[in-house]
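Colleague: Quick one: this structure, given as structure tokens, is what I'll be asking you about.
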Amino acid sequence: MSSRSVREEIGSCLIHYIESESTEGEDVLFLHGLKFKAETWKELGTIDLLSEKGKHAVALDLPGFGTSPECEEAKDQVLADFLHTLKLERPIIVGPSMGGKLALEFTLGFPELVGALVLVGAVGVPEYRDQLSQIKVPTLIVWGEKDEVSPVENGQTLNQEIKNSSLFVIEEAGHPCYLDKPEKWHERLLGFLETKG
């Protein structure tokens with residue numbers, strides 16, 4: 001399987017993204033953490049794996065990360081514009097760490113645009129605690145047992161407050177648990193994509 005790398009004007013921003021060659025199938029949008037970028041998901045094999053399973057996988061570099069230049073537009077608005085431009089229909093949004101915080105913020109602000117959520121070691125969870133019960137979409141919460149950046153208690157909070165959610169803790173994995181244990185990550189992600197809702 002192959003993917004393509006694109007730089008495109010999205011609203012007032014220039015955004016780089018990687019997209020699986022086949023655009024058929026369910027849309028899955030990958031965000032990234034503070035130290036990572038769209039390329040991380042390609043290197044890990046996640047984009048190709050989802051493409052093989054008939055999904056349309058897209059990973060973007062948020063403004064100021066990877067090869068997307070800084071942009072003054074609010075990140076949640078960039079995301080809304082991105083979904084509109086690429087015609088992504090209520091995608092499953094995968095958000096690790098910083099990307100998880102953005103995914104939470106986006107789902108609360110634009111609930112009609114999100115089909116499901118995958119939150120991986122999301123940061124900033126306490127900020128949104130009082131609003132989490134508003135999230136109604138199927139949600140997979142994945143955490144590393146040894147996460148020292150966002151403790152596993154944050155994952156438990158998400159699981160308690162988001163009604164339609166499940167928590168999967170990866171043993172012996174740190175904050176970027178998908179990098180520490182890619183086989184377990186891929187297995188759980190694919191399972192969620194097949195059974196959600």
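Colleague: Mind listing just one residue for me: the one in segment 49-69 that is in contact with a strand residue (DSSP E or B) (Cβ under 7 Å, 6 or more places away or on another chain) and outside any loop (DSSP other than H, G, I, E, B) and, of those, surrounded by the most Cβ atoms within 10 Å (Cβ to Cβ)?
Modeller: Among residues in segment 49-69 that are in contact with a strand residue (DSSP E or B) (Cβ under 7 Å, 6 or more places away or on another chain) and outside any loop (DSSP other than H, G, I, E, B), the one surrounded by the most Cβ atoms within 10 Å (Cβ to Cβ) is 57.
Colleague: Out of 142, 149, I need the residue that is in contact with a helix residue (DSSP H, G or I) (Cβ under 7 Å, 6 or more places away or on another chain) and among the hydrophobic types (A, V, I, L, M, F, W, C). Which one?
Modeller: Unique residue meeting the criteria: 142.
Colleague: Right, next: Do we find a residue being of a type in the set (D, E, K, R), outside any loop (DSSP other than H, G, I, E, B), out of contact with any Leu (no Cβ under 6 Å at 6 or more places or on another chain) and at pLDDT 95 or above anywhere in segment 76-90?
Modeller: yes
Colleague: With the checklist (1) at pLDDT below 95; (2) farther than 15 Å from residue 116 by Cβ in hand, flag the one item residue 25 doesn't pass.
Modeller: With (1) at pLDDT below 95; (2) farther than 15 Å from residue 116 by Cβ applied to residue 25, the lone miss is (2).
Colleague: Give me the residue from segment 3-16 that is touching a strand residue (DSSP E or B) at 6+ places or on another chain (Cβ under 8 Å) and touching a residue at least 40 places away in the same chain (Cβ under 8 Å) and, out of that set, surrounded by the most Cβ atoms within 10 Å (Cβ to Cβ).
Modeller: 15
Colleague: Name every residue in segment 17-36 that is in contact with a Ser or Thr (Cβ under 9 Å, 6 or more places away or on another chain) and surrounded by fewer than 21 Cβ atoms within 10 Å (Cβ to Cβ), in order of residue number.
Modeller: Listed by number, the residues that qualify are 19, 21, 22, 25, 34, 35.
Colleague: OK, next. Mind counting the residues in segment 169-183 that are farther than 10 Å from residue 145 by Cβ and open to solvent by less than 60 Å² (accessible area, probe 1.4 Å)?
Modeller: So the count comes out to 4.
Colleague: I need every pair where a residue in segment 134-146 that is in contact (Cβ under 8 Å) with a residue 40 or more places away in the chain has its Cβ under 8 Å from the Cβ of a residue that is among the basic types (Lys, Arg) and buried (at least 16 other Cβ atoms within 10 Å of the Cβ), sequence separation at least 6 or different chains.
Modeller: Correct list of pairs: 138/196; 140/188; 140/196; 142/188.
Colleague: So, in segment 95-141, of the ones that are of a type in the set (Lys, Arg) and outside any loop (DSSP other than H, G, I, E, B), which residue ends up surrounded by the most Cβ atoms within 10 Å (Cβ to Cβ)?
Modeller: So the residue we want is 101.
Colleague: Mind counting the residues in segment 142-168 that are buried (at least 20 other Cβ atoms within 10 Å of the Cβ), in contact with a Pro (Cβ under 8 Å, 6 or more places away or on another chain) and assigned to a helix (DSSP H, G or I)?
Modeller: Count: 1.
Colleague: Continuing with the same structure: Residue 39 passes all but one of (1) of a type outside the set (S, T, N, Q); (2) open to solvent by 60 Å² or more (accessible area, probe 1.4 Å); (3) part of a helix (DSSP H, G or I); (4) within 30 Å of residue 134 (Cβ to Cβ); which number fails?
Modeller: (4)
Colleague: Separate question: Given the residues 64, 115, 95, which is the only one that is without any contact (Cβ under 8 Å) to a residue 12 or more places away in the chain and not hydrophobic (A, V, I, L, M, F, W, C)?
Modeller: Checking each option against the conditions leaves just 64.
Colleague: Right, here's the next one. Got a sec? Which of 34, 14 is over 19 Å from residue 92 (Cα atoms), among the aliphatic types (A, V, I, L, M) and not in a strand (DSSP E or B)?
Modeller: Just a single option satisfies the conditions, and that option is 34.
The values are calculated or read from the model by the stated rules, or taken from the named source; none is laboratory data. Predicted, not measured: the structure shown is a model, and the values here were computed from it. Methodologically, a virtual Cβ is constructed for each residue, glycine included, from the backbone with ideal geometry; neighbour enumeration extends over all protein chains shown. Heavy atoms of the whole protein, side chains included, go into the accessibility calculation; ligands, DNA and RNA do not. Shrake-Rupley method; radii C 1.70, N 1.55, O 1.52, S 1.80 Å.
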